[in-house]
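Quick notes on the structure that follows.
What follows is calculated from the coordinates using simple rules that are stated; it is not laboratory data. On a predicted model such as this, the values are computed, not experimentally measured, just so you know. Methodologically, a virtual Cβ is constructed for each residue, glycine included, from the backbone with ideal geometry; neighbour enumeration extends over all protein chains shown.
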Amino acid sequence: MKAIIVAFFILLSPALFAQADITPQVTEALKKGDANALSAFFMSTVELEIIGEEGTYSAPTAKTMLTKFFTEKQVKGFTVKHQGNSKLDDQYRIGELTTAKGVFRLTFFMKKNGNTWQIKQLKIES
C-alpha cells in the first residue's frame, strides 16, 4: 500500500510543479525593475498599458517599452496588494510599484498556456 501511495505522489508531482505560480518570480523581477527577467513570462503578444499609452505588442517590443519605463522611473520595489481570479479563469495580481518618481499601481493578468502560466496583460497606472 505504501508503494502505491508513493508512486501516486511521484506521478502527481510533475503536474503540481508544472502548474506552479509564477508570482514570486514576476514579483522579484518587478522589484528589481528587470524587464528582461519579466519578459521571460510573457505570452508571444502582450496587452501593455503604461500610464495611458496602451496596445498589444510582441513580447520583445513590450520588453523594450518596460525597460525604458523602468530606467526612466528608477524602480525601487514592488509589493502585491491583492490577487484573485477573473471571470475567464485567468489570475491577476494588483500591487504598488515604487520608483524614484512616484508610486504606481501595477496590475498583471496571467493565463494558463498548456501547463504554464504566462503574463497576457500588464498595466501601469498613476
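Taking the average, over residues, of other Cβ atoms within 10 Å as the packing measure, peptides 105-114, 61-70, 81-90 rank 61-70, 105-114, 81-90 from highest down.
Per residue, the average separation of C-alpha pairs within less than 8 Å and at least 6 apart gives the range 20-125 a relative contact order of 28 percent.
When the convex hull of its Cα atoms is viewed from all sides, the range 64-126 shows a mean projected area of 4.8 nm². With a Förster radius of 41 Å applied to the C-beta separation of Thr71 and Thr116, the computed FRET efficiency comes to 0.90. For Met110, what charge total do you get from the other residues with a beta carbon under 11 Å from its beta carbon, if Lys and Arg give +1 and Asp and Glu give -1? Neighbour charge sum, excluding Met110 itself: +1.
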